[in-house]
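Student: Take a look at the following structure, please.
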Amino acid sequence: MNTKLYVGNLSYNTTENDLQDLFSQHGPVTEVNLMQDRATGRPRGFAFVTMATKEGSDAAIAALN
């Protein structure tokens, strides 16, 4: 069961690979979507990370919240 997590208050220098590496320490990551501003192409400071398991998402929340 996939669990989608909202990740906010990110640095504008954060990349999807940074989030993938960080969250994969706590469980398998299915997808990372870093939201970008349409006009400038810069990151907007938030993302959605989809974890493959409920246990992985719970571990990521506990460790990174």
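Student: When region 51-60 is examined, which residues are found to be buried (at least 16 other Cβ atoms within 10 Å of the Cβ) and of a type outside the set (A, V, I, L, M)?
Tutor: Listed by number, the residues that qualify are GLY56, SER57.
Student: State whether the residues of region 5-19 include one that is among the charged types (D, E, K, R) and either without any contact (Cβ under 8 Å) to a residue 24 or more places away in the chain or touching a Gly at 6+ places or on another chain (Cβ under 6 Å) (or both). Outline the logic, then answer.
Tutor: Of the residues in region 5-19, the ones among the charged types (D, E, K, R) are 16, 18.
Still in the list and also either without any contact (Cβ under 8 Å) to a residue 24 or more places away in the chain or touching a Gly at 6+ places or on another chain (Cβ under 6 Å) (or both): 18.
Scanning region 5-19, I find at least one residue that is among the charged types (D, E, K, R) and either without any contact (Cβ under 8 Å) to a residue 24 or more places away in the chain or touching a Gly at 6+ places or on another chain (Cβ under 6 Å) (or both), so the answer is yes.
Student: Can you tell me which residue is modelled with the lowest pLDDT among those in region 35-48 that are closer than 12 Å to ASN9 by Cα and open to solvent by less than 50 Å² (accessible area, probe 1.4 Å)?
Tutor: For region 35-48, the residue satisfying everything is PRO43.
Student: Is it the case that region 9-30 has a residue that's loosely packed, with under 12 Cβ neighbours inside 10 Å, assigned to a strand (DSSP E or B) and not β-branched (Val, Ile, Thr)?
Tutor: no
Student: Among the residues of region 36-48, is any without any contact (Cβ under 8 Å) to a residue 12 or more places away in the chain, of a type in the set (Ser, Thr, Tyr) and not in a helix (DSSP H, G or I)?
Tutor: Step one: of region 36-48, the residues without any contact (Cβ under 8 Å) to a residue 12 or more places away in the chain are 36-41, 44.
Now drop any that are not of a type in the set (Ser, Thr, Tyr), which leaves 40.
Add one more test, that the residue is not in a helix (DSSP H, G or I), and what stays is 40.
Yes - at least one qualifying residue is present in region 36-48.
The values are calculated or read from the model by the stated rules, or taken from the named source; none is laboratory data. All figures in this text were calculated on a predicted structure; none of them were measured in a lab. Heads up, the Cβs are rebuilt from the backbone with ideal geometry, glycines too, and the neighbour counts pull from every protein chain shown. Ligands, DNA and RNA are excluded from the accessible area calculation, which covers all protein heavy atoms including side chains. Shrake-Rupley method; radii C 1.70, N 1.55, O 1.52, S 1.80 Å.
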